[in-house]
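Structure record follows, encoded as structure tokens.
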Amino acid sequence: MDPVNAGGACQDSYLSSVMASRSFKASKSNLSSSSDLQDSQHGKPPLPPQMTFARRTSSGRYVNYSRDDLDSELGSGDYANYTVHMPSTPDNQPMDSISQQVEEQYVSNSLFTGGFNTSTRAHLMDKVIESETNHPQMAGAKGSACAIPGCGANVMSNERGNDILPCECDFKICRDCYMDAVKTGDGICPGCKEPYKTSDVQELVQSRQPLSLPPPAGMSKMERRLSLMKSTKSVLMRSQTQEFDHNRWLFETKGTYGYGNAIWPKEKGFTNGKDEYVGEPVELMSKPWRPLTRKLKIPAAIISPYRLLIVVRLVVLGFFLTWRVNHPNNDAIWLWGMSIVCEIWFAFSWVLDQLPKLSPINRATDLNVLKDKFETPSPNNPTGRSDLPGVDVFVSTADPEKEPPLVTSNTILSILAADYPVEKLACYVSDDGGALLTFEAMAEAASFANIWVPFCRKHNIEPRNPDSYFNLKRDPYKNKVKQDFVKDRRRVKREYDEFKVRVNSLPDSIRRRSDAYHAREEISEMKHQRQKADDEPIESVKIPKATWMADGTHWPGTWLHTSPEHSKGDHAGIIQVMLKAPSDDPLLGSSDDGIIDFTDIDIRLPLLVYVSREKRPGYDHNKKAGAMNALVRASAIMSNGPFILNLDCDHYIYNSQAMREGMCFMMDRGGDRICYVQFPQRFEGIDPSDRYANHNTVFFDGNMRALDGLQGPVYVGTGCLFRRIALYGFEPPRYKEDHPGCCSCCFGQRKKHASSTPEENRALRMGDSDDEEMNMALDPKKFGNSSFFIDTIPIAEFQGRPLADHPAVKNGRPPGALTIGRELLDASTVAEAISVISCWYEEKTEWGQRVGWIYGSVTEDVVTGYRMHNRGWKSVYCVTKRDAFRGTAPINLTDRLHQVLRWATGSVEIFFSKNNALLASPRMKFLQRVAYLNVGIYPFTSIFLIVYCFLPALSLFSGQFIVQTLNVTFLVYLLLISVTLIMLAILEVKWSGIELEEWWRNEQFWLIGGTSAHLAAVLQGLLKVIAGIEISFTLTSKSAGDEEDDDYADLYVVKWTSLMIPPITIIFVNLIAIAVGFSRTIYSVIPQWSRLLGGVFFSFWVLAHLYPFAKGLMGRRGRTPTIVYVWSGLIAITISLLWVAINPPAGTNQIGGSFQFP
């Protein structure tokens, strides 16, 4: 027998789902059955029926379970409407807690795979990585060996790593054997031969854990969740300890235990104006209500002159263009015509860019108030357990070769160490490439988090990305007061260095492991053929070269040597719970936990899940937007955090309290109308001069602050905290179609009947009060056929509401509503998550159209934010004192141009789509619409810009200029336009906080990008729209840098691309034109010095903007400086002209005449 396959086979347990026509039971949802009938009538691909599970036990038998069997067996401990307040008896508490703990441990140790027309399997993994797993929350964590003869499996363990033993005799038994004993052995313990007793019940009573009554017959798990939410909304809920709270009962009801209550509510209690009891005593509400955020207005001494200058420059531009139109250059009408068209467009483009900047604002948060409201003991929350809502963090990656796993691992570690309640935080990593390298690097990160996360909490480390922290240039010991910090830091640094080596060696390790297992497989197959063939000749064995996991089984994702069903575009869906959900209460460490003393430090880790959605040929997977939507659905099933933070794999949390800062806006009064909080993008590894404006501070500190004063900033793809319900396509609460905004006559907020709203602009309604439920347009046509997912939507909406701690807070939730612990994961839940990430799930639904991230554009981020603003939502820009997130940006010229090309291509696609701001709904404010219109129009400026860059050269070649003569009127207009532009830049620098040099770098790269990437994007868009032809601009050659020690070596790497042709042509044409213009003027009988000066001035203006581009092509630090080439060319031209002037050609007596200037 093959030892490799035998070892994997004995660990597999399968969750097989029969793929036929689907019909959910009525107990699940009435919506589901009706939707399946509709789907079958419309020819939708068959979906799974009621899911059945087959689990292989240690004895080799398969025991079948239905979905409801699992709910009744493993989910009987789910919270219901009632709580047992007295010690329970064995007849009503049959071992539910042990079953749940065992099931959760089983789920966290299993790799779930499945998809369309494939069975859903849960592969119980002996180990996830080759190194030892030492954290009890991590997948593959080992307990003691099972005592059943011949089993050899491991006993499940709890959050502290202690064995879970269901019997008082402490007989060690694994999960499968325990399930065998319960289902087929009449509940007899194999050790003491006595029926299993409920010792766990007594332990739970002593530890004050929740004990719930058995659920009503026929009630599914999600219906119990909904009943929990409704009971929570009625304010009569359990306390932090999960026992009956007498104090809260006194405060929140009219009940009494007699005299002597310190605070007693009045006859009708505290209401919110609708005869609804809020549950907070009047004496407590008499304290002043403190907001979580506040607006900081720009000083009038800055903003008033800024607005005045905008008006002045607008007037000057109007007069200037009028004068230009009325004074053509009749000697060169073609030159005048091109220039006037370009100038009119530039004026229009400037207006579109400047108008949204009329009302910039700053904002500030108060984290102390957030702590007081949500994490301080109060009558509604006696023990002070966090009442903050849950946050699901999404990290997306697609290719481990382009996105190094070490970078992704550091991002994950910064998330796991974030300063947010551990039990409320979940991290989901989307691996769109399905690579084993990413999977094992993530497992290594989860293992290293065992020491890194408590170390950060113990010593308050910032930043919590280990790579960035250990590479800090400043003193790491500043403000550190604990005596053991130096010793701890040294030990963690050594562990991190070993972690880096393990991650960097993973590619070779996986390759060697796969080769070894493949060789064994071939040898085994050859032996098998010899036994069958006897003396016949043996044919060569051809076995697909698989990629093998650490436990000796095939990787279900993409193989190193691709084969059918194991390639980037063809593999099963995969979900692995790397770190199971933590316990609700802090788990304090001790001096015996590891190499560092973590006494009194919470050592829990947040939930960490690996997700790789299913991919199959013939399906449009919609790139990153499709991957994000898959995460939205999977996370709703598994944790359902009402808020979602999405990060790119190279953007890590630099400020551990960033999520708290964002939550201040979401939980403040009126925060339920905020769809997302956008943080600025900050970058590391940029060259000190920021040659190509990579920091992009003009946009992030200027434009985005200005949009914050309107309806909110645009969504820029990463570093954004979303309200989950807004992603689902709902409109904001309390929004009325006829609700007029400020200056409705000017800003487009006019009453309009709902029936005239285009379909793509219509949004789903949600209830405006507790009595008004969400409109149940929640049918599978919009969200898909998972009733489990649909049931999570109202829960996410309720949990995302701000606290109803003041009469002015509308649509709020009662304090203490979110102190109840989250449910344990079971196999049926993860199996449902596998089904919602299948490639067929979005068929004939509105995912990508009105729900989730929007498809159809390479800049799906801008379109997604636009759709939310179009429904009436607002967004907020959160600039923190310490940068919230940091990432990397390309410093190479070609990489930067291709990045800009992708953005510009998306803008062109937006302009030619139904997402054009000209088609926006009346809910969007006028100036917000102008800002979005500019997003779609700005690439078209490149057409006029490249023409205008050639105009100085054409002027010098022809001896003409855009005006007849350089008269005083033209010069005055030019001076006024230039001076007002400079003054506006200075004031913009003042209120935005950027530097003047950054503004100038931005102007330079605006021209570089406008004459290269933007022009290419317009050509791409026009060819795609008109002819349906798609073209791409790729790298054709590369000259690599050879200085490994240089942090900025990539800055000097030259990669040729066709995008460079227009700027290079502009540079050479203008240089030649300057030489030709000087020569013609010098040797002309009547020199036209005014025309020469005009042409030369504008040529130098063009060349000054293109200087970084030329420097990128020619310069390299440590070798010949770029300035040498520039000055060499200028000196050569000057000397040549002087020589011709001194020694003119024969027959020439005069070299230029006198200088004349009008």
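The values are calculated or read from the model by the stated rules, or taken from the named source; none is laboratory data. What you are looking at is a predicted structure, and each value in this text was computed from that prediction instead of being measured. Neighbour counts are summed over all protein chains in view; Cβ atoms, including those assigned to glycine, are modelled from backbone coordinates with ideal geometry. Accessible surface is based on the protein model in full, side chains and every heavy atom, while ligands, DNA and RNA are left aside. Shrake-Rupley method; radii C 1.70, N 1.55, O 1.52, S 1.80 Å.
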Give me the one-decimal nm value for the distance between modelled label points at residue 471 and residue 1104, 7 Å along each residue's Cα-to-Cβ direction. 3.6
Take the Cα gyration tensor of region 523-658, multiply each eigenvalue by 5, square-root it, and list the three semi-axes largest first, rounded to whole angstrom. 43, 25, 12
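Could you order the peptides 393-399, 693-699 from most to least packed, using the average number of other C-beta atoms within 10 Å per residue? It would help to have the intermediate numbers written out before the result.
On the way: 393-399: 22.4, 693-699: 20.7.
Packing order, densest peptide first, comes out as 393-399, 693-699.
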Which whole-Hz couplings ³J(HN,Hα) result when phi for each residue of region 619-633 is put into the Karplus expression 6.51 cos²θ - 1.76 cosθ + 1.60, θ = phi - 60°, listed in order with x for Gly and Pro? 10, 8, 8, 6, 6, 5, 4, x, 5, 5, 5, 4, 5, 4, 6
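Return the FRET efficiency for the residue pair residue 316, residue 1075: r is the Cβ-Cβ distance, R0 is 30 Å, and the value is rounded to the nearest 0.05. Before the final figure, lay out each step's value.
Numbers: r = 35 Å, r/R0 = 1.15.
Calculated transfer efficiency: 0.30.
Rounded if a/c is under 1.5, else prolate if a/b beats b/c, else oblate: with a ≥ b ≥ c from the C-alpha gyration tensor eigenvalues square-rooted, which is region 933-980? Walk me through the numbers before you get to the answer.
Numbers: a/c = 3.86, a/b = 1.36, b/c = 2.84.
Cα axes put region 933-980 in the oblate bin.
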The extension gain from residue 943 to residue 781, computed as 0.36 nm times the residue separation minus the Cα-Cα distance, is 54.0 nm
Give the accessible surface of region 433-532 per residue, rounded to a whole number of Å², with probe radius 1.4 Å and ligands, DNA and RNA excluded. 50
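How big is the charge dipole of region 372-529 about its Cα centre, in debye rounded to the nearest 20, if each Lys and Arg gets +1 on its Cβ and each Asp and Glu gets -1 on its Cβ?
Details: 25 positive and 26 negative charges, 211 e Å.
Taking the Cα centre of region 372-529 as origin, the dipole is about 1020 debye.
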Equivalent ellipsoid semi-axes - Cα gyration tensor, region 400-487, angstrom: 27, 15, 10
Using θ = phi - 60° and the Karplus relation 6.51 cos²θ - 1.76 cosθ + 1.60, list the HN-Hα couplings for region 405-416 in order, rounded to whole Hz, with x at every Gly or Pro. x, 5, 5, 4, 5, 5, 4, 4, 5, 5, 6, 5
Measure of exposure for residue 883: accessible area at 1.4 Å probe, Å² rounded to 10, is 40
Let's test the formula: R0 of 41 Å, r as the Cβ-Cβ distance of residue 1065 and residue 297. What FRET efficiency results, to the nearest 0.05? 0.30
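May I ask you to compute the full-extension gain from residue 351 to residue 888, defined as 0.36 nm times their residue separation minus their alpha-carbon distance, rounded to one decimal in nm?
Working: separation 537, 0.36 × 537 = 193.32 nm, distance 3.22 nm.
Roughly 190.1 nm would be gained on extension.
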Region 903-957, relative contact order [Cα under 8 Å, separation at least 6], %: 39
Please sort 683-690, 406-413, 612-619, 893-900 by packing, taking for each peptide the average over its residues of neighbouring beta carbons within 10 angstrom, highest first. 406-413, 893-900, 612-619, 683-690
Cα-Cα P(r), region 1058-1107, percent of pairs per 5 Å interval: 5, 20, 26, 20, 13, 8, 5, 2, 0
Using alpha carbon centers only, region 459-498 is separated from region 295-332 by a whole-angstrom value of 53
With a ≥ b ≥ c from the Cα gyration tensor eigenvalues, square-rooted, and the rule rounded for a/c under 1.5, otherwise prolate when a/b > b/c and oblate otherwise, region 888-976 is oblate
Per-residue counts of other Cβ atoms within 10 Å, averaged by peptide: what ranking do you get for 920-926, 635-641, highest first? 635-641, 920-926
Place +1 on the Cβ of every Lys and Arg and -1 on the Cβ of every Asp and Glu in region 593-729, take the dipole about the Cα centre, and give the residue among 603, 711, 729 whose Cα lies farthest towards its positive end. 729
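Any chance you could run the full-extension gain for residue 543 through residue 144? It's 0.36 nm times the residue separation minus the Cα-Cα distance, nm to one decimal. Write down the numbers at each step before the final one.
Numbers: separation 399, 0.36 × 399 = 143.64 nm, distance 3.70 nm.
Length gained, residue 543 through residue 144: 139.9 nm.
Would you mind getting me the FRET efficiency between residue 498 and residue 982? Use the beta-carbon distance for r and R0 = 56 Å, nearest 0.05.
On the way: r = 55 Å, r/R0 = 0.99.
With R0 = 56 Å, the Cβ-Cβ based efficiency is 0.50.
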Can you list the residues, at least 5 places off or on another chain, whose amide H is less than 5 Å from the amide H of residue 682, using H built in the peptide plane? 885, 887
Can you pull the one-decimal nm distance between simple spin-label points at residue 375 and residue 399, each 7 Å off the Cα toward Cβ? 4.1
